[in-house]
Amino acid sequence: MSTVQNAQMTDKQRAREQARARRKAERIRAKAAHDLPRSMQPSKPVVGLTWIILVFALLYFLFPIYWAVIASTKSPSELVSTNGLWFAVGPGEIANAVAKNYASLLGWTQNRFWQWVLNSFIYSGVSAAVGTVIAVMAGYATAKFDFRGKGVAIGIVMGCMLMPAALLTIPQYSIFHSLHLTNTVLSVIIPCSVSPFGFFLGRVYAQSSVPNELLEAARIDGAGEARIFFTMVLRLLSPAMVTIFLFLFVGAWNNFLLPLMMLTDESLKPITLGLYGMASLATFNEKGALMMGALLGVLPLIVLFLGLQRYWQSGLSAGAVKE
Amino acid sequence: MTAQKHTQKKVRGFSTKRQNITGWAFMTPFAVLFSFVFILPIGWAIYSSFFREISEGGGAYGGGELVHKFVGLDNFIYAATSDKFWTGVGRVVLYTVIQVPFMIISALALAMLIDSYIVKHVTGFRLGYFLPFAIPGVVASLIWVYLYNGQISPIAKGLAALGIPVNFYSGNIVLLSMANITTWTYTGYNMLIFLAALQAIPHDLYEAARIDGANGFQIAMQVKLPSVRGAALLAMLLSIVGTIQLFNEPQIMQIADPGISKSYTPMMMALNTSQGSITPSGDGPASAIAIVMAIIAGLLAMVYIMAERKVNES
């Protein structure tokens, strides 16, 4: 028993070592691939200029976020009177300033702030989950089966990819209104769960990462189509599903016009709409508190983005390489 | 040979009828929701664009009952002859012509610089450029609305201290201020698309060009640039479609600038028409505006594709 375990251990260790060696070799190879011969090394001015451009661009992209962080610690009068690039108070009092703006934020939102964030999560999460499953199913169907009307269906969906989607919101509102579905959770979730781009990604991935031989083998073994899909295909497509989920999630989180039209109930609003409503009140002047709300509201999204960056890139490259 | 026959038979065994049923079974959930969210609204918009809610039976001051009345092409004639509408269209077209090329070229330039390995450690730059895309358009606009505010913005104050006072909300500049918000949000996203396309170029191509004596700049211009043409075309098209429906930025900048009217962009005009704050109001005129807008977007995209093809041929 113990010898078997020992053998397994050494096997595992060996595998791990091999993997480490492989990674190291890859690193060296990757490094060497970009090492230019000496004669082709860029000259110093070129390197300097590139650095300047890249850093300047970085400042442009990060400055508004930096400013929002600083502003979120300030009172309305401090925003006007103090240096906009730095905190108004010393390090000891920042906690106090933050607490003050936080209280003001909760006050102006009538304690609905976290409710709004939660709403955004529910709308984006549910519509992205539903949207991913149906997009992958449809993508798999068009990639692996010949069914009547397939060409037409693909043509229509792809045509709608270039359709200005916001223009559809007004008729969508009328249809939901006549079904008495406006001002409900469904009126935001249903439109957000359908994405022609998600379908396109699902189709591209199913074409490239589900081998026909595997499907045939499973059929010969007598597996039903549903079982093949749910046990095998979904597993093969799981990286693709993360990508599609991300695109749908962000699309739903960013949607502004749709909830603006569909929802009137304060307690149903997503965070974007809530902050907009707060900022557009005529009497509103707590700009620092609003910046704090903006930052707290996007924090989950930023974590999701940076943590899953790999999947973004694979989705983008599918869109970039295939046309 | 026999094995091949066997598989062929197996595929044939997986009959057309069964493929039909299974294919549609997987397709149906998407197809149903897609029809409900895309096809039905398109049909509904076309249908309702021929009708108008007209009050009948009331006196000179209205007050009569609203009647759903067939008005033929009246709504389209209204949209096509409305100054407000065409001013809005002119605005978004101008916006598109300025903003989209600027953003795409910047994104392409940044992607090429990052891909050139002139600077070794680029992960930080890549993440930093992409970060604004993680911020919802509404929130980005709210931040910039304050950064354009002359009283609190360090940018406005800094420029004023340098002797160049800028009012970001003044007539001609406000459109550029808006374009800047879109550029800030989407440049990094487009850069990642280009980066992905650049990284898909096989390295042998570079080697071959180098052996032929090409320098880094020549490789960038003559090997890399043509290879990302497809990605650039798609990015341009999607951006054109995106800016034509411009709504979020002007709607939010309206908070700070009452000069932005209810019909500032066609999308805002359509929304306010359907909600009754622009007359003639209702779904009919709003649908007509949306349909004319969709046609204009399609025409612009087609003109762009044709121009691109012509440039490609020559």
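Please treat every number below as a calculation from the coordinates, not as lab data. If you're wondering where the values come from, they're calculated on a predicted model, not measured in any experiment. Neighbour counts run over all protein chains shown; Cβ positions are idealised from the backbone, glycine included.
Some points to look at:
- For B:TYR117, B:TYR189, order by how many other beta-carbon atoms lie within 10 Å, fewest first: B:TYR117, B:TYR189
- When the C-alpha to C-alpha distance is required to be over 28 Å, the pairs from A:LYS287/B:LYS262; A:LYS100/B:LYS262; A:LYS12/B:LYS120 that qualify are A:LYS100/B:LYS262; A:LYS12/B:LYS120.
- The stretch B:254-289 and the stretch B:68-136 have Cα centres spaced 21 Å apart.
- Peptide packing: for B:211-222, A:283-294, B:41-52, the average count of neighbouring Cβ atoms within 10 Å per residue gives the ranking A:283-294, B:41-52, B:211-222, highest mean first.
- Each of A:GLY155, A:VAL133, A:ASN255 was placed along the dipole of the stretch A:113-280 (beta-carbon charges, centred on the mean Cα), and the one lying farthest toward the positive end is A:GLY155.
- Of the residues B:LYS224, B:LYS17, B:LYS157, the one with the fewest other Cβ atoms within 10 Å heads the list, and the complete ranking is B:LYS17, B:LYS157, B:LYS224.
- Inter-chain neighbour count for A:142-153: the average number of beta-carbon atoms from partner chains within 10 Å of each residue's beta-carbon is 5.
- When the charge dipole of the protein assembly as shown is built from unit charges on Cβ atoms (+1 for Lys and Arg, -1 for Asp and Glu) and taken about the Cα centre, the candidate among A:VAL185, B:ILE104, B:ALA288 whose Cα reaches farthest toward its positive end is B:ILE104.
- Peptides ranked, highest mean first, by Cβ atoms within 10 Å: ranges A:173-183, A:130-140: A:130-140, A:173-183
- Placing +1 on each Lys and Arg Cβ and -1 on each Asp and Glu Cβ, with no other charges, gives the stretch A:113-280 a dipole about its Cα centre of roughly 160 debye.
- Across peptide A:198-204, the mean count of Cβ atoms from other chains lying within 10 Å of each residue's own Cβ comes to 1.
- Average beta carbon contacts from partner chains per residue of B:15-23, 10 Å cutoff: 5
- When the Cα gyration tensor is reduced to axis lengths a ≥ b ≥ c, the ratio a/c is 1.5 or higher for the protein assembly as shown, and with a/b not above b/c it is classed as oblate.
- Adding -39500 (n - 2.57) for every DSSP H run of four residues or longer, then dividing by how many residues the protein assembly as shown holds, sets the calculated 222 nm ellipticity at -22500 deg cm²/dmol.
- Pairwise Cα inverse-distance average, inverted: Kirkwood Rh of chain A (Å): 24.4
- Placing +1 on the Cβ of every Lys and Arg and -1 on the Cβ of every Asp and Glu, with no other charges, gives the protein assembly as shown a dipole of roughly 2340 debye about its Cα centre.
- Taking the charge dipole of the protein assembly as shown about its Cα centre, with +1 at Lys and Arg Cβ atoms and -1 at Asp and Glu Cβ atoms, the residue from B:ASN190, A:ASN212, B:PHE51 reaching farthest to the positive side is A:ASN212.
- Rounded to the nearest 20 debye, the dipole magnitude of chain A is 1140 debye, with +1 charges on Lys and Arg beta carbons, -1 on Asp and Glu beta carbons, and the Cα centre as origin.
- Cα centroid of the stretch A:73-100 to Cα centroid of the stretch A:108-182, whole Å: 42
- Normalised by 2.2 N^0.38 Å, where N is the number of residues, the C-alpha radius of gyration of the stretch B:74-313 stands at 1.20.
- Residue exposure proxy: A:TRP67, A:TRP114, ordered by other Cβ atoms within 10 angstrom of their Cβ from fewest to most, comes out as A:TRP114, A:TRP67.
- Multiplying the residue separation of A:THR184 and A:GLU213 by 0.36 nm and removing their Cα-Cα distance gives an extension gain of 5.9 nm.
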